[in-house]
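The values are calculated or read from the model by the stated rules, or taken from the named source; none is laboratory data. Because the structure is a prediction, the values reported are computed rather than measured. Reconstructed Cβ throughout: ideal geometry from the backbone, glycine too, with neighbour counts over all protein chains shown.
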Amino acid sequence: MLKDMQGLGVTTDSPDAIAGINRFIDQSLFYGKDAETAILKAIAADPTCALAHAYTAAYYLSQENRIAWQQAQVHLLAAQKNWAKITDREKWYVQAIIAWANKEIDVAITLHEEITNHFPQDLISVQQGQYHYFYLGNKQRLLQIAQKVLTPNLDNHYLYGMVAFGLEQCHQLASAEVIGRKATDLNRYDPWAHHAVAHVMETQGRLEEGIAWMESLAPTWESCNSMLYTHNWWHVALYYLEQNDIEKVLLLYDTYIWGHANKRSPKDQVGAISLLLRLELRGVDVSNRWSELSYYLYHRIHEHALPFQDLHYVYALAKAGFIEWVKQMLWSMQQYALSINPFLRQSWLEVAIPAAKGMVAHAKDDFNTAITTLKPVLPRLHEIGGSHAQLALFKQVYQDAVLLAQKQSHLYSNCQISTHRRKSCFLR
Ligand SMILES: [Fe+2]
């Protein structure tokens with residue numbers, strides 16, 4: 001039994017395994033690009049280390065794609081093979097990751113809460129608890145799981161970043177900014193804390209400050225994974241979008257967002273889709289970017305990792321004109337919803353699928369259908385996760401549908417429908 005950098009016992013006799021685990025913990029909290037390499041080194045040093053296998057499985061599950069899910073299974077089996085000799089904390093953690101793999105998110109959350117109650121220095125469990133709460137739309141619990149371990153971790157800037165994001169999501173903007181800035185003062189290399197403050201500035205409409213804050217810190221993101229690298233630049237792009245500096249937004253998209261993305265990564269894809277849609281809502285011609293991106297979405301059609309993400313994929317496919325893929329995806333979403341754990345099923349059936357149909361209708365310029373399908377689900381969209389900034393998009397799509405349906409109706413009544421209908425409607 002050795003201890004990791006958090007002072008927690010790990011069932012291994014290998015210092016090299018502990019070194020790999022420590023590097024993995026730091027890379028996970030930093031959103032670094034070396035997390036996978038680090039944890040695989042830990043396994044190479046001690047293939048019997050159950051916790052290292054569980055961390056590896058968690059890493060692959062966080063990639064939210066089918067191949068990574070299969071990779072996770074191998075490591076969960078390896079973790080269970082060494083079950084008899086591991087500690088209670090390690091058992092709870094292994095069980096939490098098994099529950100995640102089985103989409104038993106309620107079980108996973110209970111276990112992360114249990115771990116953090118007994119071992120408050122276990123910030124990987126705090127981070128994973130926040131991840132699950134985020135995609136269940138439970139902002140209060142997202143904040144609480146980080147706040148409850150603050151006292152024993154007062155010197156840990158990564159925890160401040162997690163608390164800051166939770167505070168922002170709970171509309172405690174002033175406190176969120178103070179804690180996010182404190183994290184950054186403690187260690188300038190804390191991109192999640194930068195991100196929390198970026199959300200505050202976005203919410204408060206502090207566009208120039210937001211640009212200055214994020215661009216001054218951007219050089220510290222070079223060793224981030226593509227998810228947070230592209231997402232932090234996505235936030236920068238939102239500021240410029242609100243300033244109507246379209247040229248700059250397209251430049252950021254082409255260089256730091258889609259240009260820098262792992263093109264097969266679900267989260268990178270979602271950010272790019274979200275930005276293209278926001279540009280189009282402002283009447284910008286995004287050229288062939290929908291089709292360039294949508295070729296990479298084929299593997300998403302039957303995955304259904306997260307309903308929030310599916311709404312983006314299906315919209316992009318419809319915009320790119322991949323109508324057969326859209327049909328397949330809507331059908332697949334329905335089948336998937338009927339097959340899953342009742343804890344998640346309701347939000348899939350009652351929120352995600354109607355919203356997906358509404359998004360497709362908007363993409364196909366069928367604005368009346370978009371209105372009738374989106375309107376009833378808007379008040380419940382938080383149930384499928386996403387930040388306030390991300391969810392605002394769906395409300396904008398609905399409002400756009402209302403506006404364009406009115407214009408369509410007016411144009412029809414004057415017999416002036418033309419192929420340039422949409423462009424003429426966007427002069428605003
Ligand atoms: Fe964000």
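Figures for the structure shown
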read-out	value
Matching option when the condition is surrounded by 23 or more Cβ atoms within 10 Å (Cβ to Cβ), assigned by TED's automatic domain parsing to the domain that holds residue 85, more than 26 Å from residue 191 (Cβ to Cβ) and aliphatic (A, V, I, L, M), among 57, 17	17
Residue within the stretch 70-77 that is on the phi < 0 side of the Ramachandran plot, in contact (Cβ under 8 Å) with a residue 24 or more places away in the chain, buried (at least 19 other Cβ atoms within 10 Å of the Cβ) and more than 27 Å from the chain's Cα centre (by Cα) present	no
Any chance residue 267 is out of contact with any Cys (no Cβ under 9 Å at 6 or more places or on another chain), basic (Lys, Arg), closer than 30 Å to residue 354 by Cβ and within 16 Å of the ligand (Cβ to nearest atom)	yes
Residues of the stretch 347-395 satisfying the condition of being surrounded by 23 or more Cβ atoms within 10 Å (Cβ to Cβ), farther than 14 Å from residue 306 by Cβ and in contact (Cβ under 8 Å) with a residue 60 or more places away in the chain	394
Breaking point among (1) buried (at least 18 other Cβ atoms within 10 Å of the Cβ); (2) of a type in the set (D, E, K, R); (3) under 22 Å from residue 306 (Cα atoms), for residue 46	(3)
Cβ pairs under 9 Å, 6+ apart, first in the stretch 1-22 and touching a residue at least 24 places away in the same chain (Cβ under 8 Å), second aromatic (Phe, Trp, Tyr)	6/119; 8/119; 21/55
The stretch 234-253 - residue that is of a type in the set (Phe, Trp, Tyr) and surrounded by 23 or more Cβ atoms within 10 Å (Cβ to Cβ) and, of those, farthest from the ligand (Cβ to nearest atom)	253
Some residue of the stretch 162-178 being surrounded by fewer than 17 Cβ atoms within 10 Å (Cβ to Cβ) and closer than 26 Å to residue 24 by Cα	no
Answer residue from the stretch 298-328, given it is over 20 Å from the mean Cα position of the chain (by Cα) and assigned to a helix (DSSP H, G or I) and is farthest from residue 281 (Cα to Cα) among those	328
Residue selected from the stretch 329-346 under the condition touching a residue at least 60 places away in the same chain (Cβ under 8 Å) and of a type outside the set (Val, Ile, Thr), by the criterion nearest to residue 281 (Cα to Cα)	344
